[in-house]
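There's a structure below that I have some questions on.
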Amino acid sequence: MTERKKIILANKPATPDAERDAFAPRRPPVRGAGSAPRKRMTVEEAEQAAKAREEATKAAARAPAPAAAAPRDESRWPGERPRTPAPRRDERDRPVAARPRDDRPRGPAPQRFDNRPNTPPPPQQDFRKDGRRAQGPRPSTPVQQATDGSVEHDGRIRLSKLMSERGLSSRREADEWIEHGWVLVDGQVVSELGSRVYPHQDITIDAAAKTQQAQRVTILINKPIGYVSGQAEDGYEPAFVLIRPENQWKEGDRTKLSLTRGHLKHLAPAGRLDIDSTGLLVLTQDGRIARELIGEDSNVEKEYLVRVELPDNPEEKNISGVFPGELMDKLRHGLMLDGIELKPAKVSWQNEQQLRFVLREGRKRQIRRMCEQVGLKVVGLKRVRMGRIVLGNLPLGQWRFLQPDERF
């Protein structure tokens with residue numbers, strides 16, 4: 001037992017609470033801020049403190065005034081180096097002190113060592129016709145990726161264009177075959193779109209591409225009046241909507257094919273007929289046929305039967321008898337449309353009121369505009385032949401597949 005407890009037990013507290021408080025641990029007194037006892041300063045210490053303050057004031061008065069701080073440059077960001085002020089106008093013309101010349105002998109230039117392999121310098125950059133630098137050096141391979149334009153100054157042309165010119169495919173088909181890796185140039189597969197080759201290089205097409213091309217169909221339709229050839233316009237439907245199973249001409253179709261959704265995919269008109277004309281309209285998936293019929297270098301004949309009348313005398317029945325021969329010659333050759341001279345045409349009378357036109361081009365409303373220039377009004381126009389394909393007995397508003405042995 002500790003001494004403290006012995007003393008407490010000896011005193012014998014009178015109450016239980018007093019006994020509990022006696023055994024409780026002692027705690028230091030709690031004081032608030034500034035409640036500690038402050039020691040009072042003596043008279044001698046006060047005099048010494050006043051004297052020290054007076055001496056500090058005199059020393060501060062004798063010290064030199066501190067230099068004024070430089071004004072902050074608000075135009076600079078924090079951490080930016082200060083800008084050198086421009087010289088004044090009167091200081092700009094002052095001569096600059098010349099640097100003293102160093103006449104000490106100089107040794108040989110230090111030799112530089114290059115750890116890179118001894119490779120030849122890169123080839124000279126290729127420049128196009130317009131003078132701009134091509135993207136990267138010209139490769140040494142005969143097949144090059146295409147840039148702007150279709151013909152390079154060294155004779156290379158776009159592969160898809162060359163395939164179209166050779167009649168192998170359309171440009172769209174060529175791009176599709178190149179992506180599939182079905183095109184070989186001099187025995188090397190070319191699978192990058194826009195590649196360029198020389199015109200004399202050999203192009204081989206994979207059998208898979210030929211099989212796919214053989215599955216493309218061409219449809220012949222006898223278009224009625226009131227349908228447009230291409231996209232719908234002005235509320236009129238395209239002739240495409242007539243291609244339905246119930247409109248197929250079974251008697252004249254020897255292919256024995258049944259119309260499927262695949263036959264309607266990418267089916268586009270190859271040559272147009274205006275809304276007031278009837279007759280043979282060709283819609284095809286084969287780019288070669290489209291190029292043959294409406295390409296820039298197309299030479300396929302299109303034959304039309306045209307019924308006309310005289311605007312000044314609509315009641316005239318014998319138009320062929322009164323129509324001047326010199327105007328007939330002008331219809332054959334000598335007219336211009338949109339400032340361009342037309343190609344020679346074959347024009348003859350079928351009967352007293354009907355003309356037969358054979359053209360090798362197809363401008364917009366060409367026959368109607370030609371007749372207007374010679375004083376004739378077209379009241380009926382029907383296309384009956386394109387190349388070696390004739391309309392025949394195909395009923396109005398019906399269609400059939402192009403036969404495998406038929407060629408334009």
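List the number of the failed condition for M328; all other conditions in (1) surrounded by fewer than 18 Cβ atoms within 10 Å (Cβ to Cβ); (2) closer than 23 Å to D312 by Cα; (3) touching a Leu at 6+ places or on another chain (Cβ under 7 Å) hold.
Condition (3) is where M328 drops out.
What is the number of the single condition among (1) in a loop (DSSP other than H, G, I, E, B); (2) under 30 Å from T218 (Cβ atoms) that E315 does not meet?
Condition (2) is where E315 drops out.
Might you check whether a residue that is free of Cβ contacts under 8 Å to residues at least 60 places away in the same chain, outside any helix (DSSP H, G or I) and of a type in the set (K, R) occurs anywhere in the range 335-348?
yes
For the range 352-397, which positions are among the basic types (K, R) and closer than 25 Å to M336 by Cβ?
Within the range 352-397, R356, R360, R363, K364, R365, R368, R369, K377, R383 qualify.
Can you find even one residue in the range 256-271 that is crowded, with 20+ Cβ neighbours inside 10 Å and in a loop (DSSP other than H, G, I, E, B)?
Checked the range 256-271: at least one residue is crowded, with 20+ Cβ neighbours inside 10 Å and in a loop (DSSP other than H, G, I, E, B).
Also, quick follow-up: Given the options K250, K256, K223, K210, name the one that is closer than 18 Å to L391 by Cβ, among the basic types (K, R) and at pLDDT below 90.
Sole residue among the options that is closer than 18 Å to L391 by Cβ, among the basic types (K, R) and at pLDDT below 90: K250.
Additional query: When the range 273-298 is examined, which residues are found to be modelled with pLDDT under 90 and surrounded by fewer than 16 Cβ atoms within 10 Å (Cβ to Cβ)? Before the answer, list the steps.
We begin by selecting, within the range 273-298, every residue modelled with pLDDT under 90; these are 285-292, 294-298.
Within the range 273-298, E296, D297 meet the criteria.
Looking only at residues in the range 213-240 that are without any contact (Cβ under 8 Å) to a residue 24 or more places away in the chain and over 22 Å from I294 (Cα atoms), which one is surrounded by the most Cβ atoms within 10 Å (Cβ to Cβ)?
Step by step, filter the range 213-240, then rank; the result is E237.
Turning to a different aspect of this structure: Given the conditions (1) in the same structural domain as L359 (by TED's automatic domain parsing); (2) under 45 Å from the mean Cα position of the chain (by Cα); (3) polar (S, T, N, Q), which single one is not true for S348?
Answer for S348: the failing condition is (2).
Follow-up question, since we're still on this one. Identify all residues within the range 272-293 that are touching a Lys or Arg at 6+ places or on another chain (Cβ under 8 Å) and assigned to a helix (DSSP H, G or I); write none if there are none.
Of everything in the range 272-293, just one residue is touching a Lys or Arg at 6+ places or on another chain (Cβ under 8 Å) and assigned to a helix (DSSP H, G or I), namely G287.
Another question, if that's okay. Filter the range 226-282 down to the residues that are among the aromatic types (F, W, Y) and in contact with a Leu (Cβ under 9 Å, 6 or more places away or on another chain), then identify the one that is farthest from R360 (Cα to Cα). Don't jump to the end; show me each part of the working.
Start the filter on the range 226-282 by keeping residues that are among the aromatic types (F, W, Y), which leaves 227, 236, 240, 249.
Still in the running and in contact with a Leu (Cβ under 9 Å, 6 or more places away or on another chain): 227, 240, 249.
Working: Y227: 24, F240: 25, W249: 29 Å.
Across the range 226-282, the extreme among qualifying residues is W249.
Going by what's in this entry, would G334 be described as on the phi > 0 side of the Ramachandran plot and surrounded by fewer than 20 Cβ atoms within 10 Å (Cβ to Cβ)? Give the derivation first.
Values: on the phi > 0 side of the Ramachandran plot: yes; surrounded by fewer than 20 Cβ atoms within 10 Å (Cβ to Cβ): yes.
Spelling it out, G334 is indeed on the phi > 0 side of the Ramachandran plot and surrounded by fewer than 20 Cβ atoms within 10 Å (Cβ to Cβ).
Hey, another quick one. Hey, can you tell me all the residues within the range 349-381 that are part of a strand (DSSP E or B), surrounded by 15 or more Cβ atoms within 10 Å (Cβ to Cβ) and basic (K, R)?
Matches in the range 349-381: R356 only.
Considering only the range 227-255, how many residues are under 10 Å from W399 (Cα atoms), of a type in the set (F, W, Y) and outside any loop (DSSP other than H, G, I, E, B)?
Number of matching residues: 0.
Something else about it: Where residues in the range 179-236 are touching a Phe, Trp or Tyr at 6+ places or on another chain (Cβ under 8 Å) and β-branched (V, I, T), which of them is farthest from G167 (Cα to Cα)?
V228
The values are calculated or read from the model by the stated rules, or taken from the named source; none is laboratory data. What you are looking at is a predicted structure, and each value in this text was computed from that prediction instead of being measured. Cβ atoms come from the backbone with ideal geometry, glycine included; neighbour counts cover every protein chain shown.
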